[in-house]
Amino acid sequence: MFSSPIIPPVRKRSKAAEACVPRHEEVKFEDVRLYLVERKMGRSRRSFLTQLARSKGFVVEDVLSDVVTHVVSEDLHAPSLWKWLKECELKNLPSMHVLHISWFTDSMREGRPVAVESRHLIKETLPEASATPPPPKATVSQYACQRRTTTENNNKTLTDAFEVLADSYELNEMEGPCLAFRRAVSVLKSLPWAVKSLETAQDLPCLGEHSKAVMKEILQYGHSFEVEKTLSDERYQTLKLFTSVFGVGPKTADKWYRRGLRSFSEVLTDSSIQLNRMQQSGFLHYGDISRAVSKAEARALRSIIDEAVHVITPDAVLALTGGFRRGKEFGHDVDFIVTTPEPGEEETLLPKIMNRLTKQGILLFSDYQTSTFEMSKLPCHRFEAMDHFAKCFLILRLEASKVEGGLHLAEGDSRGWRAVRVDLVSPPMERYAFALLGWTGSRQFERDLRRFARMERRMLLDNHALYDKTKKEFLAATTEKDIFAHLGLEYIEPWQRNA
Ligand code: CTP
Ligand code: MN
Ligand code: MN
């Protein structure tokens, strides 16, 4: 029934097993017995660090007693820490090392207990405050539209981790923290260098306390406790799985989850669930459309659409937008803008194209939305509002023979065709520049263009127009460069908009 029943493996770990089964890791360092102070560190982080150390052959005591040799604390307030230690009535306290977490970090990195240096010690008397030099002035803009971000990402480990947390907040409808992590991701993606220490990240914008804490853990241990926990969370895993289906948004995914459904087969065999047309196609072609589309496949689709468009209107304009216009090697779909110089004609363009694709037998699914665009309804104050142009979301059948170098299929798949998601939008020609800018993305780049326009220029920008609130007038543009110029921004090439 389904073109490909392959379901991505869901990372699952048995939490119960982790919590109850005693650890049998090999002890490598008999003479060193650690105790991690829970205060300031927190219980869950303490148990994470305990597991980490044990996995590297360290002995970690659960209870603070005289057998302990190294006390490790994240609480740097020496007086309160020492007051507490003294209340524990330990005979051996004078011979114990009372250490800052940096000793632990260094030891984990080295895979052995490193020698205790004076910088590791939490002394009973406070060291004199050392004068820290003022941080140099930030040079990275807080706005993605003032940064140049190519597809080369020098901080992938960090951005992957942040994206997990952003997705998780998004699935839980917590917009604030979600946006904070998306902004942090975007800043890191723009850097021509890799962040190796917290100090070097100190002057970067958009990195809050939370993202810095996660960053610190990753730089120190290579893992983030919070990210690991999220990845193994059943709700997160299930919602990610469900929303990976075309037509299934966070709300539907959550509804299914709350009904106790955890897998595709449970959804598909639940008789009380009525899938809509989009979701049916989403499941039907799941294997294909959850697989990345290659550049060569995008080129082949361009030729197919181009031929269809020009049979209909010889003077039509077709442009590639979305991720492929930004130079990405792979995408989740292929996005095109199509329009014609004859005003009003663009409204009939998409149905005609779809008609032709149907006759060619390659239109597997279409969701067409007619234009609701009216210049008189502008400017639109809603921030993330969808645009009003005619558009369609398609699934097309792409033959291997049309693709240079063949299809991007799983190894062993020799069907000779695959299903691909394609988006088409058709604005009136005089709105072309705005639509092109809006559909080229990335999403974060667009968000920041709008935010910049609003906050810094008192202007409203969307996929339709640019409005100057001070002059109370619309600003005309025939190219993207015109729009950047109106905003007083340096022009950023499409391949530099991968924010
Ligand atoms: N877009 C939009 N209105 C829509 C759908 C998309 O303005 N109804 C814009 C998005 O803001 C984005 C661009 O179109 O900037 C492309 O969207 P999408 O295909 O989802 O993302 P890509 O950047 O192309 O990424 P991918 O390669 O994964 O497709
Ligand atoms: Mn796209
Ligand atoms: Mn798209």
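Laboratory data are not the source of any read-out in this text; all were calculated from the coordinates shown. All values reported here derive from a predicted model rather than from experimental measurement. Cβ coordinates were reconstructed from backbone atoms using ideal geometry, including for glycine residues, and neighbour counts include every protein chain displayed.
Structure notes:
- Rounded, prolate or oblate (a/c below 1.5 giving rounded, otherwise prolate when a/b exceeds b/c) for segment 144-231 by Cα gyration tensor: oblate
- Mean separation of Cα contacts under 8 Å (6+ apart) over length of segment 18-120, as relative contact order %: 28
- Across segment 144-231, Cα pairs under 8 Å and at least six residues apart give a relative contact order of 33 percent.
- Efficiency of FRET between Lys472 and Lys359 - r from beta-carbon atoms, R0 56 angstrom, step 0.05: 0.70
- Of Ser55, Leu487, Ser232, farthest towards positive along the dipole that unit charges on Lys, Arg, Asp, Glu beta carbons give the chain: Ser232
- MRE, 222 nm, helices only [DSSP H, n ≥ 4, -39500 (n - 2.57), over the chain, to nearest 500]: -11500 deg cm²/dmol
- Over all pairs of different C-alpha atoms in segment 362-453, the reciprocal of the mean inverse distance, the Kirkwood hydrodynamic radius, equals 16.0 Å.
- Local charge for Arg291 was computed over the other residues whose Cβ lies under 13 Å away, with Lys and Arg +1 and Asp and Glu -1, and equals -2.
- Nearest-20 debye value, segment 233-284 charge dipole, Cβ charges on Lys, Arg, Asp, Glu: 160
- Of Lys212/Lys328; Lys189/Lys402; Lys216/Lys251; Lys328/Lys469; Lys28/Lys83; Lys189/Lys328, those spanning more than 24 Å from alpha-carbon to alpha-carbon: Lys212/Lys328; Lys189/Lys402; Lys216/Lys251; Lys328/Lys469; Lys28/Lys83
- Dipole magnitude for the chain: computed about the Cα centre from +1 point charges on Lys and Arg Cβ and -1 point charges on Asp and Glu Cβ, it is near 360 debye.
- Counting only DSSP beta bridges with both residues in the chain, the antiparallel share comes to about 65 percent.
- Computed magnitude of the charge dipole of segment 166-229 (debye, nearest 20; Cβ of K, R +1, Cβ of D, E -1): 260
- With the alpha-carbon atoms of the chain aligned to their principal axes, the span from lowest to highest coordinate is 90, 59, 42 Å, starting with the largest.
- Since only Val164, Pro205, Leu191 are under comparison, the one whose Cα sits farthest along the positive direction of the charge dipole of segment 144-231, derived from C-beta charges on Lys, Arg, Asp and Glu, is Leu191.
- Mean separation of Cα contacts under 8 Å (6+ apart) over length of segment 374-499, as relative contact order %: 23
- Proximal charge balance of Leu487 [Cβ under 12 Å; K/R count +1, D/E count -1]: 0
- The distance linking segment 21-79 with segment 283-304 is 50 Å (Cα centroid to Cα centroid, whole angstrom).
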